[in-house]
Amino acid sequence: MKVTPAAIPDVLLVEPQVFGDDRGFFYESFNARKFRELTGLEPVFVQDNHSRSAKNVLRGLHYQIRQPQGKLIRVVAGAVFDVAVDIRNGSPTFGRWVGHTLSAENKQEVWIPAGFAHGFLVLSDYAEFLYKTTDYWVPGHERCIIWNDPDLAIRWPIEVVPILSAKDAEGVAMARADVF
């Protein structure tokens, strides 16, 4: 396993060691001991989530203002552009974002700590997206920052209007969002 800090150092790109041959492949998608040795972090995961979305679906930018969730994210089918936005007031990277392309092919994962808003855009015909969380989903604590906030200026790799849920279409600007 290789762990590399992103442009926002608390966000980590995780590259598992993949063993493959003509039969297929095998890799550990998470090993708590190795993760701790390489990062100094010991997240306790309490929930695993799995979503499937069609091309041009954009989910996010989601977070929970109470019971914030750290997330370990990977894609097992297709490809997504995954984004984390630092919403920790007082952080030197507050209001900045970082994005990575995650795919079934590259098998990369991203660790996003609590205190970040998160979203992704499906780049392939469909994508299956898996993530572990460090706290439970609580609908009453969930918040959403609008995906196209001009102050954030996220460079989503899309040339059409994305497909959004009603909740995501009603996201608020970062300037009006509840932050940490």
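List of remarks:
- Restricted to strands (runs of 3 or more DSSP E) entirely inside region 10-88, those with at least 3 residues that are in contact (Cβ under 8 Å) with a residue 40 or more places away in the chain and of a type in the set (A, V, I, L, M, F, W, C) are 12-15, 71-77, 79-86.
- Residue, surrounded by the fewest Cβ atoms within 10 Å (Cβ to Cβ), within region 60-91, restricted to residues that are of a type in the set (K, R) and out of contact with any strand residue (DSSP E or B) (no Cβ under 6 Å at 6 or more places or on another chain): R66
- Criterion: at pLDDT 95 or above and touching a Ser or Thr at 6+ places or on another chain (Cβ under 6 Å) - qualifying residue of V122, V110, V98: V122
- Residues of region 94-119 that turn out to be in contact with a Phe, Trp or Tyr (Cβ under 7 Å, 6 or more places away or on another chain) and closer than 17 Å to S51 by Cα, as a count: 4
- H118 being under 29 Å from F26 (Cα atoms), surrounded by 15 or more Cβ atoms within 10 Å (Cβ to Cβ) and either in contact with a His (Cβ under 8 Å, 6 or more places away or on another chain) or among the hydroxyl-bearing types (S, T, Y) (or both): yes
- Q47 falls short on exactly one of the conditions (1) under 30 Å from G171 (Cα atoms); (2) of a type in the set (S, T, N, Q); (3) in contact with a Leu (Cβ under 6 Å, 6 or more places away or on another chain), and that condition is (3).
- Test: D168 is more than 29 Å from V3 (Cβ to Cβ), under 17 Å from the mean Cα position of the chain (by Cα) and among the charged types (D, E, K, R): yes
- Flag for T133 being surrounded by 21 or more Cβ atoms within 10 Å (Cβ to Cβ) and of a type in the set (S, T, Y): yes
- Residues of region 129-169 that turn out to be in a loop (DSSP other than H, G, I, E, B) and not basic (K, R), as a count: 23
- Scanning region 92-115 for residues that are aliphatic (A, V, I, L, M) and buried (at least 19 other Cβ atoms within 10 Å of the Cβ), we see that the one that is farthest from R74 (Cα to Cα) is V98.
The values are calculated or read from the model by the stated rules, or taken from the named source; none is laboratory data. All figures in this text were calculated on a predicted structure; none of them were measured in a lab. No Cβ is skipped: glycine too gets one built from the backbone with ideal geometry, and neighbour counts run over all protein chains shown.
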